[in-house]
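> My questions will all concern the structure given below.
Readers should treat all values here as calculations from the given coordinates under stated rules, not as data from a laboratory. A quick note: this is a predicted structure, and the numbers were derived from the prediction, not measured. Positions of Cβ are generated from backbone atoms using ideal geometry, with glycine treated the same way; all protein chains shown enter the neighbour counts.
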Amino acid sequence: MAPAEQDTLRTPSAQRPQQPAQRDRRVDVFVALGTAVVALGLLLGLPPLDAAEPDGTSIITTYPAVASWPWTVLALGLLAQSAALLAARRAPRTVLVVVAALPVVVAATAPQVVELFGLTALPVVVAVVLATLRVPLARLWPALLAAAAGVTAGDAIQFAVVGGALRGDVAEGLAGSLGHGVLQAIGAVGLPLLVTLLVQSRREVRSARTAEASAVDREQDALVDAAVSRERAAMARELHDIAAHHLSGIALMAAVIDRQIDADPERAHEGARQVREQSTAVLEDLRRLVGLLRDDAPAERAVETVAGIVDLTERARFRSDVRLEVLAGDRVLADGVGPLAQLAAYRTVQEALANAALHAPSAPCTVTIDDRDATHLVIRVENAPAAVPAAGTSPSGGNGLRGMRERADLVGARLQTGPTAAGGWLVELALGREAPAAPAQADDGTGVVA
């Protein structure tokens, strides 16, 4: 058995989920113990420190003696306040009220500790901080008011009884005692509350900024992923267009060569030369694509345009009956059509010719470039019904038409594909012009047939 598995078996499963709770419990014990140590340390250390001052000889006489009744009551009160802090995580509001109420008991039981009575504010300050960190202010304010009232009452009792504020004018003495108690409550409850809220707000601001930065990073990652996905789709379309156009022609010509190699060797040799030309074209297109993808190597060929469709159809005639018809006036072909749209048109015709050769072998195919309209350019590729059965296709087919649609959507073109009334297939692409085409000087509606 592996050592990690043995350690897992030795550790009871009921104890493992309690580790965060045990850690919180240790923190509560540390806070309560630290408060008690500081409070009792001040209780024991303040009288000797005051006695050590050169001008403080008359102050030390007012401190209660160590282990005397008033001193013991104050020490027990401080320990009780610190012990109550152990439950500050489970019931922070109740602990705050209890910690603030215990000084009232100390003041009523042992009023002689007036010089050291201010030490009871230390556990109150700790309770206010813990409660503010763990309870929303909207639900904490009743406990804060009760705590302020407890601190005010305890300090007022000390000031009134020991200071003799009630021996003269009762109303004036009561007002003075309450005023002194309110000041003590502001220092023990109000100031810690403000400081804690300020620290908490700054922490929330930092958390919000961290979350915002994380969200920005995630958004950037999403944008990068989307860009990579678009580039991958573009590369897939390019590779599919290259492979579908050239390799389908190579496969058809190889089949023809296989039939002609004995009956007509001369035609077979001609077909072999065409296969070599198609293979060379594949390598050139792949080399150009790799050059576009690499930063350190420029592309060896320019991007295809609508004018390149003429050469495309000429090469396609080696494997099937392809006709080209250009309908245009006295203007540059595809004037006003952007380069990306012209590349989409070229790839669409290339894919349509490959599909026609694959699915309708030996059927005539007509490519028409209609450039007569001043607002858009229309390209049609229409093939007649198949004269012989088509060879079997790969079960993963269908990417050609999808690539056509993606390219058309990318440049805002309109693509229509489907069977014709005669039983053939039609691919029609309409491209808008980015700039108005130059007006034709003479347009008689006739076309140029190649």
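> Based only on the alpha carbon positions, what is the Kirkwood hydrodynamic radius of segment 19-216, in angstrom? Kindly include the intermediate steps, with their values, before the conclusion.
On the way: mean 1/r = 0.0548 Å⁻¹.
Answer for segment 19-216: a Kirkwood hydrodynamic radius of 18.2 Å.
> From the phi angles alone, apply the Karplus equation (6.51, -1.76, 1.60; θ = phi - 60°) to segment 321-329 and give each ³J(HN,Hα) in whole Hz, x where the residue is Gly or Pro.
Taking θ as phi minus 60°, the curve returns 7, 10, 10, 10, 10, 10, 10, 8, x Hz for segment 321-329.
> Exposure proxy check: Phe318, Phe159 ranked by fewest other beta carbons within 10 Å? Write down the numbers at each step before the final one.
Values: Phe318 17, Phe159 24.
Final ranking by Cβ density, sparse to dense: Phe318, Phe159.
> Please give the contour-minus-distance gain from Ala208 to Arg414: 0.36 nm per residue of separation, less the Cα-Cα distance, rounded to one decimal in nm. Write down the numbers at each step before the final one.
Values: separation 206, 0.36 × 206 = 74.16 nm, distance 4.63 nm.
Length difference between fully extended and current span is 69.5 nm.
> In whole Hz and in residue order, list the ³J(HN,Hα) couplings for segment 214-229 that follow from phi through the Karplus curve 6.51 cos²θ - 1.76 cosθ + 1.60, θ = phi - 60°; x for Gly and Pro.
Couplings: 5, 5, 5, 5, 5, 5, 5, 4, 5, 5, 5, 4, 5, 5, 5, 5 Hz.
> Which ordering of Ser177, Ser201 is given by a fewest-first count of other beta-carbon atoms within 10 Å?
Details: Ser177 22, Ser201 10.
Lowest to highest Cβ neighbour count: Ser201, Ser177.
> On to the next question. Long-range amide H contacts for Leu426: which residues qualify at under 5 Å (H placed 1.01 Å from N, peptide plane, sequence gap of 5 or more or a different chain)?
Gly418, Thr420
> Can you give the extra length, in nm with one decimal, that the chain gains between Val161 and Leu46 once fully stretched, where that is 0.36 nm per residue apart less the Cα-Cα distance? Walk me through the numbers before you get to the answer.
Values: separation 115, 0.36 × 115 = 41.40 nm, distance 2.27 nm.
Result: 39.1 nm gained on full extension.
> Highest first, please rank the peptides 416-424, 125-133 by the mean number of other Cβ atoms sitting within 10 Å of their residues. Can you show the working numbers first?
Values: 416-424: 11.7, 125-133: 22.3.
Result, highest mean Cβ count within 10 Å first: 125-133, 416-424.
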